Amino acid sequence: MGVLAIDAGTTGVTALLVAPDGSVSGRGYAEFSQHYPEPGWVEHEPGDIWQAALAASGQALAAAGGGPVSCLGITNQRETAVIWDRATLAAPRRAIVWQDRRTARICDALRARGHEPRISELTGLRLDPYFTGTKLTWLAEHEPVIWQGLADGSLAAGTVDSYLVARLTGGRRHVTDASNASRTLLFDITAGAWSAELCELLRVPGRALPEVVPSTGVAGHTDPAAFLGLSVPIAGIAGDQQAALFGQGCFAPGDAKCTYGTGSFVLANTGGMVARPGGGLLSTVAWMDGSGVLTYALEGSVFVTGAAVQWLRDGLGVISTAAEAEALAAAVPDSGGVVFVPALTGLGAPDWDPDARGLIAGITRGTTRAHLARATLEAIAFEVRDVFDLMITGGWRERSVLKADGGAAANDLLMQLQADQLQVPVARPVVHETTALGAGFLAGLATGVWSGPAELAASWQLDRRFEPGPRDDSGYARGRLAVGRAKGWAAGAAPAAP
């Protein structure tokens with residue numbers, strides 16, 4: 001009996017069939033298209049996500065020899081706003097992706113009216129286009145027909161997990177878990193419930209929102225006619241970064257991980273305490289157990305890291321595969337003074353500037369594509385250091401190691417650069433896809449595949465530990481100088497003084 005885990009990421013869907021010993025017996029992956037209708041806008045076709053989920057799941061099952069499935073777990077790109085028809089499950093418009101910047105002026109207006117402190121108090125978040133709520137506000141202002149459908153109940157709104165559950169159950173269930181709900185700007189993380197106050201402020205019809213359920217617990221059953229002939233309980237749901245925290249076995253307060261995917265996200269478990277950090281960090285729900293008890297996390301969100309490597313491949317043609325970036329960057333001892341600020345969709349922590357844009361500085365006649373590849377990996381390490389340093393100064397109880405996962409964690413040079421910049425060892429597990437693994441663990445806990453966190457923690461296996469070496473502080477300082485130049489670019493702001 002295996003646990004099927006679906007990870008609906010930003011550029012594709014990964015599916016794993018997880019065996020009771022925590023090993024992966026089958027994998028599948030399918031990409032879907034990205035849409036950029038205007039500068040700073042990012043959209044997905046919901047039907048493409050669903051088809052990718054079907055394809056990846058079918059591949060994973062086939063790779064495992066079609067073995068029986070005991071239950072299903074879902075994890076997903078967070079904050080993305082999806083709208084669909086409750087009766088037909090068709091989406092009347094594309095999803096507005098978490099990277100989308102179109103609501104920057106809405107956030108500015110709410111901030112100018114003095115609402116940000118109250119929003120932060122209730123949600124643990126800040127006003128930024130990153131989060132789901134202002135995307136729904138934008139629909140109220142620009143697409144009144146869609147908003148009316150939400151108000152009258154014919155249309156449903158949710159994050160990607162809610163949409164997938166609707167498709168998996170043939171429309172019978174409209175749910176989300178507490179970790180995803182906590183990323184919407186609409187959820188009171190202390191009360192563990194939707195906030196009527198915030199729904200009114202952001203003009204979001206409460207009836208359109210999903211029921212909030214535990215992260216581990218049966219939330220519905222798949223419809224065989226809709227999902228590969230399978231009728232199994234959907235027993236685990238979590239946002240991708242919280243699922244990765246769970247999949248890495250970060251069950252104790254202070255345990256921390258960084259997922260290197262489209263962006264990089266550092267999360268530290270804070271137990272039953274809602275941290276109230278400053279400096280651009282967020283408080284979030286890590287997961288809700290089956291009895292309704294909430295575990296929280298401290299988070300630093302970096303929007304573009306692995307996506308910067310993808311941009312080198314797809315946008316510039318500097319490399320032909322993402323894996324090529326490591327060998328190319330290793331061909332030079334340093335970046336030759338080149339600095340890359342990968343603010344391709346604005347900046348997250350610690351700067352939080354939706355108007356920042358990407359910048360490459362320090363180019364000379366001697367600059368090669370190897371220097372640009374090296375500067376890209378250095379930029380990722382610098383951005384994670386920004387967040388890590390904030391967590392320590394903000395009172396996080398630092399542990400002796402940072403666990404790393406995600407696609408870019410396979411890059412040995414990047415992991416060594418990261419250990420050097422943090423001056424803390426970086427530990428990479430055998431299974432890099434801990435986001436999907438965490439969704440599987442949550443589902444298996446609810447259905448008795450695993451007895452508890454201790455058994456799950458025992459299944460974690462080290463692939464490689466990267467010990468810190470000398471730190472390039474001058475390169476980091478140049479990176480911070482370049483960030484100042486990149487800020488405010490889309491708004492026409494003057495560059496920061498050196």
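The values are calculated or read from the model by the stated rules, or taken from the named source; none is laboratory data. Predicted, not measured: the structure shown is a model, and the values here were computed from it. Virtual Cβ from ideal backbone geometry, glycine too; neighbours counted across all protein chains shown. SASA here: full protein model, heavy atoms, side chains in, ligands and nucleic acids out. Shrake-Rupley method; radii C 1.70, N 1.55, O 1.52, S 1.80 Å.
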Point to revise | Matching residues, the stretch 453-472, being in a loop (DSSP other than H, G, I, E, B) and either closer than 20 Å to L72 by Cβ or among the hydrophobic types (A, V, I, L, M, F, W, C) (or both) | key: S459, W460
Exercise for review: Find the helices (runs of 4 or more DSSP H) located wholly in the stretch 132-231 whose residues include 3 or more that are touching a Ser or Thr at 6+ places or on another chain (Cβ under 7 Å) and open to solvent by less than 50 Å² (accessible area, probe 1.4 Å), and list them.
Suggested key: 132-142, 160-168, 178-181
**Study point:** Residue identified as under 20 Å from the mean Cα position of the chain (by Cα), over 22 Å from G263 (Cα atoms) and among the polar types (S, T, N, Q) among S70, S57, S120
**Key:** S120
Check your understanding: Exactly one of (1) within 14 Å of the chain's Cα centre (by Cα); (2) at pLDDT 95 or above is unmet by A244. Its number?
Key -> (2)
Check your understanding: Out of the residues in the stretch 245-289 that are touching a Cys at 6+ places or on another chain (Cβ under 9 Å) and of a type in the set (G, A, S), which is surrounded by the fewest Cβ atoms within 10 Å (Cβ to Cβ)?
Key -> A256
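Matching residues to (1) assigned to a loop (DSSP other than H, G, I, E, B); (2) in contact with a helix residue (DSSP H, G or I) (Cβ under 9 Å, 6 or more places away or on another chain):
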{"position": "V3", "(1), (2)": "no, yes"}
{"position": "V13", "(1), (2)": "no, yes"}
{"position": "L16", "(1), (2)": "no, yes"}
{"position": "S70", "(1), (2)": "no, yes"}
{"position": "I74", "(1), (2)": "no, yes"}
{"position": "P92", "(1), (2)": "yes, yes"}
{"position": "A109", "(1), (2)": "no, no"}
Revision key, fill the gap. Note on the stretch 182-194: residues under 20 Å from V293 (Cβ atoms) and in contact (Cβ under 8 Å) with a residue 60 or more places away in the chain are S182, R183, F187, D188, I189, T190, G192
Review point. Hey, E299 hits all of (1) in contact (Cβ under 8 Å) with a residue 12 or more places away in the chain; (2) assigned to a helix (DSSP H, G or I); (3) of a type outside the set (A, V, I, L, M) but one; which does it fall short on?
Key: (2)
Practice item. Among what's in the stretch 21-39 and is touching a helix residue (DSSP H, G or I) at 6+ places or on another chain (Cβ under 8 Å) and open to solvent by less than 70 Å² (accessible area, probe 1.4 Å), pick the residue that is nearest to G315 (Cα to Cα). Key: S33
Exercise for review: For A208, state whether it is in contact with a helix residue (DSSP H, G or I) (Cβ under 6 Å, 6 or more places away or on another chain) and of a type in the set (A, V, I, L, M).
Suggested key: yes
Exercise for review: Output yes when any residue across the stretch 361-375 is touching a residue at least 12 places away in the same chain (Cβ under 8 Å), open to solvent by 10 Å² or more (accessible area, probe 1.4 Å) and part of a strand (DSSP E or B), and no when none is.
Suggested key: yes
Check your understanding: Looking at the stretch 307-314, is at least one residue open to solvent by less than 50 Å² (accessible area, probe 1.4 Å) and out of contact with any Ser or Thr (no Cβ under 8 Å at 6 or more places or on another chain)?
Key -> no
Exercise for review: Go through the residues of the stretch 109-129 one by one and say whether even a single one is closer than 19 Å to R93 by Cα, modelled with pLDDT under 95 and surrounded by 15 or more Cβ atoms within 10 Å (Cβ to Cβ).
Suggested key: yes
